[in-house]
Amino acid sequence: MARILIAEDEAPLRGHIQRALAADGHDAVATADGAEALDALVRDSGRFDLLLTDIKMPVMDGIALALVAARDYPDLVILLMTGFADQRERAYGLDALINGVLTKPFSVADLQSAVGEAISVGS
């Protein structure tokens, strides 16, 4: 399946997402914020199929991460997630860079469906 990089600052949700994607057959690598995710991207030379990132995070938010990732790894599919309407609005205008925005809270089925759709677009 796909190799997925997760950037989510809430540890319980990060673990839940990682387990759900692993159960769906993906290799899911989890990081606690955008800076850690960017380090993982650089360290692995961008060898991920999908970046799944929360928008609102400390250190480096998901929008900043998406902008750098899209610039440096143009083939990387990017899917954002947020539970805040104002943060979702920040993603408008990024349609050329991102695959979509997953609204929190979401079910495991919603997560797996959104990730599957994003990966199929990127293939």
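The values are calculated or read from the model by the stated rules, or taken from the named source; none is laboratory data. Remember, it's a predicted structure, so these values are computed and weren't measured experimentally. All Cβ positions, even for glycine, are placed from backbone atoms using ideal geometry, and neighbour counts span all protein chains on display. For the accessible areas, the whole protein counts, side chains as well, though only heavy atoms, and no ligand, DNA or RNA atoms are used. Shrake-Rupley method; radii C 1.70, N 1.55, O 1.52, S 1.80 Å.
Numerical summary
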| read-out | value |
| --- | --- |
| Hey, R14 at pLDDT 95 or above, outside any loop (DSSP other than H, G, I, E, B), among the basic types (K, R) and surrounded by fewer than 14 Cβ atoms within 10 Å (Cβ to Cβ) or not | no |
| Every residue from the range 39-53 that is in contact with a Gly (Cβ under 8 Å, 6 or more places away or on another chain) and either open to solvent by less than 20 Å² (accessible area, probe 1.4 Å) or at pLDDT below 95 (or both) | L50, T53 |
| Some residue of the range 24-31 being touching a residue at least 60 places away in the same chain (Cβ under 8 Å), in a loop (DSSP other than H, G, I, E, B) and surrounded by fewer than 19 Cβ atoms within 10 Å (Cβ to Cβ) | yes |
